[in-house]
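Down below is the structure, laid out as structure tokens.
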Amino acid sequence: MARTQRRKPANPRGRANAKSAGRGVSGGKRRPGKRDKRRNRKHPLSPARWWKRAGLTQRVAAVLVTVVAAACVIALVVGTVRVVQWRRDVQEAEARQLQLTQQYDFNPGDIISDGQFFNANAMSEAEVQSFLDEQGAACSGSRCLKTMTFDTEDQAANEYCAAYEGAKKETAAAIIDKSARACGISQKVLLTVMQKEQHLVTAVDPTDFQYKAAMGLSCPDDANCDPAYAGFFRQVYGAAHRYQYYVAHESAYGYHADALNYIQYHPDAGCGGTNVYIENKATALLYIYTSYQPNDASLAAGFGEGDSCSSYGNRNFALIYTNWFGAARQ
């Protein structure tokens, strides 16, 4: 029986050239292997080797970049620490202010609200006159505030107040109301400051000095009044104008709204003071005008006297306003 002769299978396409095209076989194109790739790859220089090869300009630039980066990191850390400390100080001040509010109904950081302070429609001229009649009922002389008249002067409009038209024999009520409306300050605030400074609203026999220094404006306790501000009209209009000047130039003074402020208890720095977080512009203006906060002895005394380190200006403002017109912080 004849054998069937087997054929060798034909090589697949491309098989015949497999060896010649393979790696390490002469005659074909050589593919780069892993070793070749590693050999051709550029390795980054170490910092030490780079420094040796770098020129002077490159070295200087590297040093500057390093210094700037370090400074930025330090500034960021210091800034973060300061913010954290500031926030802690604010929380301590607010906690103390809350305690004083609960104990004495006095918040050194919120003596009166902006809404109350800058309300030029708080009272009409007729209401101011009725108020003076009521508060000055015990005064029967010819110099009572409720019946006094004054010659006033024209005041030109400026960036702080509207124009004030002067007149002969204006009543105190008219001067208070017109000044309040011209400068956007509450009539209640002007009456309160007048009482705080000179007790003029309730005085039974007012003196010349009480009228001359009615609002305490530019009339320091230990010196004479500035002649430019002396007299009832100049005091009242001048005080209203001054408050708006303070609003426009608050940054030039040492007391600022929405900020932590160190406020002394007394002109004597040895009496100490505390940080106060002032919550609004009106309270900042009161401190610019009268620069001290009451200590515990002052607050505990009500309208009375505290101790040798007590001050009374801002305490009395709060007490007078509240007694006459109700809550000042609403």
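The table that follows gives values for the structure above.
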{"quantity": "Neighbourhood charge, 11 Å Cβ-Cβ cut-off, centred on R59 and excluding it, Lys, Arg +1 and Asp, Glu -1", "calculated": "+2"}
{"quantity": "Highest average packing first - 159-171, 200-212, Cβ atoms within 10 Å", "calculated": "200-212, 159-171"}
{"quantity": "Simple spin-label estimate for D258 and V63 in nanometres, 7 Å along Cα-Cβ", "calculated": "4.5"}
{"quantity": "Cα shape, region 150-202, gyration tensor, a/c 1.5 rule", "calculated": "oblate"}
{"quantity": "Global form of region 119-176, assessed from the alpha-carbon gyration tensor, a/c cut-off 1.5", "calculated": "oblate"}
{"quantity": "Ranking of S113, S179, S124 by count of other Cβ atoms within 10 Å, fewest first", "calculated": "S124, S113, S179"}
{"quantity": "Part-to-part distance (alpha-carbon centres) for region 291-314 and region 113-190, which is given in Å", "calculated": "29"}
{"quantity": "Interchain or long-range residues, amide H under 5 Å from Y277's placed H", "calculated": "N261"}
{"quantity": "Long-range HN-HN contacts of Q264 with modeled amide H, under 5 Å", "calculated": "Q293"}
{"quantity": "At R0 = 30 Å, FRET efficiency that the Cβ-Cβ distance of R87 and N158 yields, to 0.05", "calculated": "0.15"}
{"quantity": "For region 114-325, alpha-carbon Rg relative to the globular expectation (2.2 N^0.38 Å, N residues)", "calculated": "1.01"}
{"quantity": "Scattering profile of region 51-104 at q = 0.14, 0.23, 0.29 Å⁻¹ [log10 I(q)/I(0), Debye over alpha-carbon scatterers]", "calculated": "-0.60, -0.85, -0.99"}
{"quantity": "Percent of alpha-carbon pairs separated by more than 15 Å within region 200-245", "calculated": "40"}
{"quantity": "Sequence-distant residues sharing a close amide H with E170 (under 5 Å, placed H)", "calculated": "F150, D151, T152"}
{"quantity": "Cα-Cα separations in region 206-330 greater than 27 Å, expressed as whole percent", "calculated": "21"}
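Values quoted throughout were computed directly from the atomic coordinates according to the rules given, and no laboratory measurement underlies them. The model shown is predicted, which means the values in this text are computed figures rather than measured ones. Cβ: placed from backbone, ideal geometry, glycine included. Neighbour counts: every protein chain shown.
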